[in-house]
Amino acid sequence: STISKDSLKTSLLQLQCHFTWTLLKKHVSLEALEETIHDHIKFLAEYEIRDYNLLSYVNHLKNSNEEALRNLKKAEEAIQKCYPDEIARRSLVTWGNYAWIYYHMQRYEEAQTYVSKVENSCKKLSSTAQGKIQLPEIYAEQGWALLRFGRNYFERAKNCFENALQSEPNNSDFSAGYATAMYRLEGDARWYGGEMRSCLEALKRAVELNPEDTTIMALLALELQRLNRADEGERYIEEGLQKTPDFPVFLRHAANFYRKKGKVNKAVEILKKALALTPKSVTLHHQLGLCYRSKALQLKKTRYPPQEEVEDLIQLAISQFKIVIDKKPVFFSAYSDLAGTYAIGKRYEEAEEIYQKVLQRNDLACDEKQDIYFNYGHFQHFYMKSESKAIKYYIECLKLEIDSHPRKRSSEAVETLLKQKIESGLGDATDIGTLGLVHKLNGKKKEAIECYEEAIALDPNNEEYLNALAELQLSI
């Protein structure tokens, strides 16, 4: 019997699995994600079902469906080992992935077999659903997968864990997922602007439910550090180092904690240990680069900086950041880190080249663009001593509406630059008009009007200023 491809597709779309959770490959580097999952499997056996399921989806995105089938087989073996009494319930996501992969391989009979397995199991598990069933552990599995796909997915991940917790409020895994999503969202809001929601209570709750989960313990420590309660935080880091001295995910967070505390040598030591355990981790290379750069800057501030040592550290930082953007081209902040490090080493052409490379990318989010514009403006301002280019890029940053940390810094920098010029008597109509534009972009209409009036007094026929002034007067 031939199976109708269309009706099969309709059934496939009903399944709850990685293929229906809209996880887009443009938001990740598949190579780096694959490494992360392999490291996770190696160090956290209890999550291997989830990890093999996600790995099969990543294999598919890399066009290796045979490999994907092998990993689903491993997920099945883990289900039989961990949940011998609930095989059907625990296999819904795995079977869904099987169905989709067979469909993509044009093996429709096998795809249909798996669709039927899911539908029959759902009928037995619930009186209503065919392929859709709202099980808390499926929400959680979706939540963890979303977290792996980066910052575009954090809000959805939080919602998944909230749904899972409604059924099982004391489940430590769901609680850890929820706290992680909240922590990521808060970090994002602090940097890029947006709604600030505290994650402290969620983290405390997760640690209480599972005191052995040192990853969550480390996030709690980092959050306490963010709230200027670093001493309290450090106790959790020390406890974690006792409990899991060889767990790379924990070590990465611990290193981050010590770097922010200014104990950079200790951070480097911890990162080297973690890299020996997971040599391909992009995040560890990035953190190590930040440490070397930080050490170089510390030395440059001393009275007689040891030139050679400074240059060695700068070179070490550069090689770490290069590894990062090479392995994970969507790690956008790393481009600024690399370019900024070239600048510190007076290698301006190389810095310029990196900025141009990232400015030309068309897959930057609005707030990521702001970050790059601010950093490039800063580079032009302080390293290339080009005030005009600095002003241009600070303003490009302001034109993007999101109220982020880089936008605030661009705003302060460009206002200071223009006011210094104007107050020293070197400012002309252009500078006053530009300050008018800055005020306008920052929503300060009264100040903007004053600047444009002053600019027009110096340059009475300037169309741009006349139009801007008319528009502002109408909007008041």
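The values are calculated or read from the model by the stated rules, or taken from the named source; none is laboratory data. No experiment lies behind these values; they were computed from the predicted model shown. In this analysis, Cβ positions are derived from the backbone assuming ideal geometry, glycine residues included, and neighbour counts consider all displayed protein chains. Side chains included, ligands, DNA and RNA excluded: accessible areas come from the protein's heavy atoms. Shrake-Rupley method; radii C 1.70, N 1.55, O 1.52, S 1.80 Å.
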Subject >> Value of [θ]222 nm, deg cm²/dmol, for the chain, DSSP H segments ≥ 4, -39500 (n - 2.57) each, nearest 500 >> reply: -24500 deg cm²/dmol
Subject >> Within-13-Å neighbourhood charge of Ile354 [Cβ basis; K, R +1; D, E -1] >> reply: -2
Original post:
Roughly what angle does helix 463-475 make with the longest principal axis of the chain, taking Cα atoms, 0 to 90 degrees, to the nearest 10?
Top reply: 60 degrees
Subject >> Degrees separating the helix 366-382 axis from the principal Cα axis of the chain, which is the longest one >> reply: 40 degrees
Original post:
Using alpha carbon centroids, what distance separates the stretch 393-455 and the stretch 251-265, in Å?
Top reply: 38 Å
Original post:
For the charge dipole of the stretch 178-299, defined by +1 on Lys and Arg C-beta atoms and -1 on Asp and Glu C-beta atoms about the Cα centroid, which residue among Gly194, Gln298, Ala274 has the Cα displaced farthest towards the positive pole?
Top reply: Gln298
Original post:
For the chain, with the dipole built from +1 on Lys and Arg beta-carbon atoms and -1 on Asp and Glu ones, taken about the Cα centre, which of Asn171, Ala365, Leu338 lies farthest toward the positive end?
Top reply: Asn171
Original post:
What share of Cα pairs, in percent, lie more than 16 angstrom apart in the stretch 5-125?
Top reply: 60 percent
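Using alpha carbon coordinates only, what is the Rg to Rh ratio of the stretch 221-298, with Rh defined as the Kirkwood radius?
Details: Rg = 11.9 Å, Rh = 12.4 Å.
Using only Cα positions, Rg/Rh for the stretch 221-298 is 0.96.
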**OP:** Would you mind giving the three semi-axes, in whole Å and largest first, of the ellipsoid equivalent to the stretch 428-475 according to its Cα gyration tensor?
**Re:** 15, 12, 8
Original post:
For the stretch 80-181, what does the equivalent ellipsoid look like in terms of its semi-axes, each the square root of 5 times an eigenvalue of the Cα gyration tensor, given largest first in whole Å?
Top reply: 26, 18, 12
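Could you check how much of the accessible area of the stretch 428-475 is carbon and sulfur, as a whole percent, using a 1.4 Å probe?
So the carbon and sulfur contribution to the accessible surface is 52 percent.
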Original post:
So what are the ³J(HN,Hα) numbers for the stretch 399-415, from phi and the Karplus equation (6.51, -1.76, 1.60; θ = phi - 60°), rounded to whole Hz, Gly and Pro as x?
Top reply: 5, 8, 5, 4, 7, 9, 4, x, 5, 4, 5, 4, 4, 5, 5, 6, 4
Subject >> Chain lengthening between Thr113 and Leu299 when straightened (0.36 nm per residue, less Cα-Cα) >> reply: 60.4 nm
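Peptides 282-294, 154-166, 451-463: what's the order by average Cβ count within 10 Å, highest mean first? It would help to have the intermediate numbers written out before the result.
Working: 282-294: 23.2, 154-166: 20.4, 451-463: 16.4.
Averaged packing, sorted descending, gives the order 282-294, 154-166, 451-463.
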Subject >> About the Cα centre, charge dipole magnitude for the stretch 428-475 (Lys/Arg +1, Asp/Glu -1 at Cβ), debye >> reply: 320 debye
Original post:
Nearest 10 degrees, 0 to 90: what angle lies between the long axis of helix 333-344 and the longest principal axis of the chain (Cα atoms)?
Top reply: 40 degrees
Subject >> Local net charge near Glu76, Cβ-Cβ under 14 Å (Lys/Arg +1, Asp/Glu -1) >> reply: +4
**OP:** Check the straight Cα-Cα distances from Lys273 and name the lysines below 25 Å, setting aside those fewer than 8 residues away within the same chain.
**Re:** Lys42, Lys243, Lys260, Lys261, Lys263, Lys295, Lys322, Lys327, Lys328
Subject >> Debye, to nearest 20: dipole size of the chain, +1 on Lys, Arg Cβ, -1 on Asp, Glu Cβ >> reply: 760 debye
**OP:** Might you work out the accessible area of Glu208 for me, using a 1.4 Å probe with all protein chains in place, and round it to the nearest 10 Å²?
**Re:** 130 Å²
**OP:** Name the residues whose placed amide hydrogens come within less than 5 Å of the amide hydrogen of Ser29, ignoring near sequence neighbours (fewer than 5 apart) on the same chain.
**Re:** none
Subject >> 19 Å cut-off, amide nitrogen to a point 7 angstrom out along Asp403 Cα→Cβ, residues in the stretch 166-188 >> reply: 185-188
Original post:
For the stretch 117-212, which whole percent of the accessible surface, found with a 1.4 angstrom probe, sits on carbon and sulfur atoms?
Top reply: 46 percent
Subject >> Where trypsin sites (Lys or Arg not before Pro) fall in DSSP loop in the stretch 370-411, at most 10 other Cβ within 10 Å >> reply: Lys385
**OP:** Can you work out the accessible area per residue across the chain, with the rest of the protein chains kept in place, probe 1.4 Å, in square angstrom?
**Re:** 49 Å²
Original post:
Hey, with R₀ at 30 Å, roughly what FRET efficiency would Asp246 and Asn210 work out to, going by the Cβ-Cβ distance, to 0.05?
Top reply: 0.95
Original post:
Okay, which of the stretch 34-53 sit inside 20 Å, backbone N to the point 7 Å along the Cα-Cβ direction of Gln80?
Top reply: 45-53
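Evaluate the chain: find the radius of gyration of its Cα atoms, find its Kirkwood radius, and give the ratio Rg to Rh.
Result for the chain is an Rg/Rh of 1.05.
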